[in-house]
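To start, the structure under review is shown below, and the notes come after it.
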Amino acid sequence: MTTPAAAHDTVLHYIHDPLCGWCYGAAPLVAAARQVLPVQAHGGGMMAGRNRRRVDAQLRDYVMPHDHRIAQMTGQVFGEPYFHGLLKDTDAVFDSAPPTAAVLAVQALGGEAAGLDMLAAIQRAHYQQGRRISEPATLIELAQALGIEAAAFSAELQRIEQEELADHIEASRELLNYVGGRGFPTFVLQRGDTLEVLDTGSWLGQPEQWANYLRDETRASSSGSADKSLTQCDLQTGRCD
């Protein structure tokens, strides 16, 4: 594949999934990075298509220990409505496609920054408030809270789902494979035509230090590597180790 097109010489590419717990754990790093350089989000569809899952005891028993570990390592809050509501709601379906399309729809209507705001709102709705983020009604409410008119969002969401979502997910996975990423989240620093995977494991729970690291990296001609790997969610199975 070709190097991703970027409006700036230096860009941080963020390969993520809205239903990836470690991506939620890294959300403060995304927010901090946005204060330093442009960030572009790429949704990889971890739980889209055949990987979508209805909530059941097996799913709950798998994700809860990981979520507790993420909370311990990052300080991110997982709410009681999530642990004792959503994860026990056997009518709920975890499907990455609708929230990923929602991020793209808000981005199309409000710009790159608005899309990242939508992603953060979706993560909070899921992990803190225990809401069904795969349902259109929830996504419309979240978009409205960001100042996006409901009818315009609904129309753009439908267009994205029909015309762009599959290509976006495929391109995100191609980028992940191209840079040698193992799963979600993966952060890729682009300087001109050069792409470098950044190991964020050492910065979890330390967004200010991460921002300083990025400032140094964007000034340096070459970078060092961190000494601790970030746990990731597998591209094909959705398992996080």
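The values are calculated or read from the model by the stated rules, or taken from the named source; none is laboratory data. Fair warning: this is a prediction, and the values are worked out from it, not measured in the lab. Please note: Cβ atoms are built from the backbone with ideal geometry, for glycine as well, and neighbour counts cover all protein chains shown. Ligands, DNA and RNA are excluded from the accessible area calculation, which covers all protein heavy atoms including side chains. Shrake-Rupley method; radii C 1.70, N 1.55, O 1.52, S 1.80 Å.
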Could you tell me which residue out of P185, N51, Q206 lies farthest along the dipole of the chain toward its positive end? Charges go on the beta carbon: Lys and Arg +1, Asp and Glu -1, centred on the Cα centre. Q206
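How would Y178, Y24 rank on accessible area, largest to smallest, probe 1.4 Å? Display every interim value, and only then the final one.
Details: Y178 115, Y24 5 Å².
Descending accessible area places them as Y178, Y24.
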Grab the Cα-Cα distance for E141 and T90, subtract it from 0.36 nm times how many residues apart they are, and report the gain in nm with one decimal. 16.1 nm
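How much accessible area per residue does segment 122-208 have, counting only protein heavy atoms and a probe of 1.4 Å, in square angstrom?
Working: 4100 Å² over 87 residues.
Per residue, segment 122-208 has 47 Å² of solvent-accessible surface.
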Equivalent ellipsoid semi-axes - Cα gyration tensor, segment 8-127, angstrom: 26, 17, 12
Given the protein chains as shown and a 1.4 Å probe, how many square angstrom of Y127 are accessible, to the nearest 10? 0 Å²
Once normalised by the length of the chain, the mean sequence separation of its alpha carbon contacts under 8 Å that are 6 or more apart gives a contact order in percent of 29 percent
What residues qualify as long-range amide H neighbours of A41, i.e. H under 5 Å apart, gap of 5 or more or another chain, H built at 1.01 Å from N? Y14
Using only the heavy atoms of the protein chains and a 1.4 Å probe, how would M118, M64, M47 rank by accessible area, largest first? M64, M47, M118
Under the Karplus relation with 6.51, -1.76 and 1.60 and θ = phi - 60°, whole-Hz ³J(HN,Hα) for segment 11-28, x at Gly and Pro, equal 9, 9, 8, 10, 8, 9, 9, x, 9, 8, x, 5, 5, 5, x, 8, 4, x
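Ratio of segment 93-229's C-alpha Rg to 2.2 N^0.38 Å, to two decimals?
Numbers: Rg = 16.9 Å, N = 137, 2.2 N^0.38 = 14.3 Å.
Here the answer is 1.19, to two decimals.
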When all protein chains stay in place, what accessible area (Å², nearest 10, 1.4 Å probe) is found for I169? 30 Å²
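Quick one: dipole size for the chain, taken about the Cα centre, charges +1 on Lys/Arg Cβ and -1 on Asp/Glu Cβ, in debye to the nearest 20. Numbers along the way, then the final one.
Numbers: 19 positive and 30 negative charges, 99 e Å.
Computed charge dipole of the chain: roughly 480 debye.
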Between segment 113-180 and segment 26-86, what is the C-alpha centre distance in whole Å? 14 Å
Report the accessible area of V197, computed with a 1.4 Å probe over the heavy atoms of all protein chains in place, in Å² rounded to the nearest 10. 60 Å²
Please list 3J(HN,Hα) in residue order for segment 159-166, calculated via the Karplus relation 6.51 cos²θ - 1.76 cosθ + 1.60 where θ = phi - 60°; whole Hz, with x for glycine and proline. 5, 4, 4, 7, 10, 10, 4, 4
Order R191, R219, R50, most accessible first, counting only protein heavy atoms with a 1.4 angstrom probe. R50, R219, R191
Table column - 3J(HN,Hα) (Hz), segment 125-139, Karplus curve with 6.51, -1.76, 1.60, x for Gly and Pro: 4, 6, 7, 9, 9, x, 8, 7, 7, 8, 9, x, 4, 5, 5
Could you list log10 I(q)/I(0) for the chain at q = 0.09 Å⁻¹, which the Debye formula gives when each Cα is one point scatterer? -0.35
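Got a number for carbon plus sulfur as a percent of segment 11-162's accessible area, 1.4 Å probe? Provide the component values of the computation, followed by the final result.
Values: 2910 of 5960 Å².
Whole-percent figure for carbon plus sulfur exposure: 49.
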